[in-house]
Amino acid sequence: MYFSKKEAVPIEEEETDIWACTTDGCSCWMRENFSFEKSPTCPFCQGEMTKDTRMLPVLANHTKRTT
């Protein structure tokens, strides 16, 4: 018998716009295209969030926003 590990398929990543919490000790963040507000507050601590970018796996959001 022969067992081998399958080659891991690399996950495609891209630079993604996010909202990040500015409160010390809070590590909350969310993708910009998954937020419901133009300028959201942190869902955990209700703190202010600022725009930032991160390298994240590609995800498609097909939900249409009503702004």
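The values are calculated or read from the model by the stated rules, or taken from the named source; none is laboratory data. Keep in mind that what you see is a predicted model, and the values were worked out from it rather than measured. Cβ coordinates were reconstructed from backbone atoms using ideal geometry, including for glycine residues, and neighbour counts include every protein chain displayed. The area values use the complete protein model at the heavy-atom level, side chains included, leaving out ligands, DNA and RNA. Shrake-Rupley method; radii C 1.70, N 1.55, O 1.52, S 1.80 Å.
Using a simple charge model, +1 on the beta-carbon of Lys and Arg, -1 on the beta-carbon of Asp and Glu, nothing else, what dipole does the chain show about its Cα centre, in debye to the nearest 20?
Values: 8 positive and 11 negative charges, 61 e Å.
The dipole of the chain has a size of about 300 debye.
Looking at the chain, the accessible area is 90 square angstrom per residue; that uses a 1.4 Å probe and ignores ligands, DNA and RNA. Of the residues 27, 42, 11, the one whose Cα sits farthest toward the positive end of the charge dipole of the stretch 1-59, with +1 on the Cβ of Lys and Arg and -1 on the Cβ of Asp and Glu, is 11.
Of the chymotrypsin sites (Phe, Trp or Tyr not before Pro) found in the stretch 27-67, those in coil by DSSP whose Cβ has at most 11 other Cβ atoms within 10 Å are 36, 44.
Measuring gaps between exposed loop sites in the chain (GluC sites (Glu not before Pro); DSSP loop; at most 15 other Cβ atoms within 10 Å), the longest gap, sites not included, is 38-67. The trypsin sites (Lys or Arg not before Pro) found in the stretch 17-66 that occupy coil by DSSP, while having at most 14 further C-beta atoms within 10 Å, are 38, 64, 65. Based on the Kirkwood approach, the hydrodynamic radius assigned to the chain is 14.3 Å, with every pair of different Cα atoms included.
Amide H contacts of residue 28 (H built 1.01 Å from N, in plane; Pro and chain starts excluded): 21 sit under 5 Å, all sequence-distant by 5 or more or on other chains.
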